[in-house]
1. Checking the cross-link filter: which aspartates and glutamates have an alpha carbon closer than 18 Å to that of K60, excluding same-chain neighbours under 8 positions apart?
2. Percent relative contact order of region 35-145, based on C-alpha pairs within less than 8 angstrom and at least six residues apart?
3. Given a Förster radius of 35 Å and the C-beta distance between K130 and E103 as r, what FRET efficiency does 1/(1 + (r/R0)^6) yield to the nearest 0.05?
4. Separation between the R113 and S69 pseudo-spin-labels, each 7 Å from Cα along Cα→Cβ, expressed in nm?
5. Give me the percent of the accessible area of region 48-104 that comes from carbon and sulfur atoms, probe 1.4 Å, all protein chains in place.
Amino acid sequence: MYGMSGPHLIRGSVSVPEAELMWRFSRSSGPGGQHVNTSDSQVELRFDLARTEALPEVWKRRALERLASRLVDGVISVRASEHRSQWRNREAAAVRLAALLAEATAPPPRPRRPTRIPRGINERRLREKKQRSETKRGRSAKDWG
């Protein structure tokens, strides 16, 4: 694919190799006039995640696990048809795929360390509840005679 914006970085120095990307083009729905009815501007980009050698093994396992619901036989598919130009749709699909892979290969967040609520905060909350309760009790129908 000549002139495309080159390798699509996922994170660090890891990128999706152009040779492993499979492109498919079809007619896009929506507005555009006579020209769009004859041009294949919708882009479908497919990447074989299960068989790729471009990703480190840990990242690949993580991505396969996280994207399991989107995979068909280990292949991830991304569509773009928001632009009228096939070129811009290609760019959009490639960027979307790189972002999807970056998110799926990200390391898991650190587990949260449970903390105790400070005693002062708890006491203040209870004090404010008691004040509110007194305010409301003061509004009850006593002798408004």
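1. Answer for K60, where 18 Å is the Cα cut-off: E18, E20, D48, D73, E103, listed by chain and number.
2. On the way: 80 pairs, mean separation 31.0, N = 111.
Result for region 35-145 is 28 percent.
3. Values: r = 47 Å, r/R0 = 1.35.
The computed FRET efficiency comes out at 0.15.
4. Result: 3.3 nm between the two label points.
5. Details: 1620 of 3320 Å².
The value for region 48-104 is 49 percent carbon and sulfur by accessible area.
The values are calculated or read from the model by the stated rules, or taken from the named source; none is laboratory data. What you are looking at is a predicted structure, and each value in this text was computed from that prediction instead of being measured. Glycine also receives a Cβ, built like all others from the backbone with ideal geometry; neighbour counts cover every protein chain displayed. The area values use the complete protein model at the heavy-atom level, side chains included, leaving out ligands, DNA and RNA. Shrake-Rupley method; radii C 1.70, N 1.55, O 1.52, S 1.80 Å.
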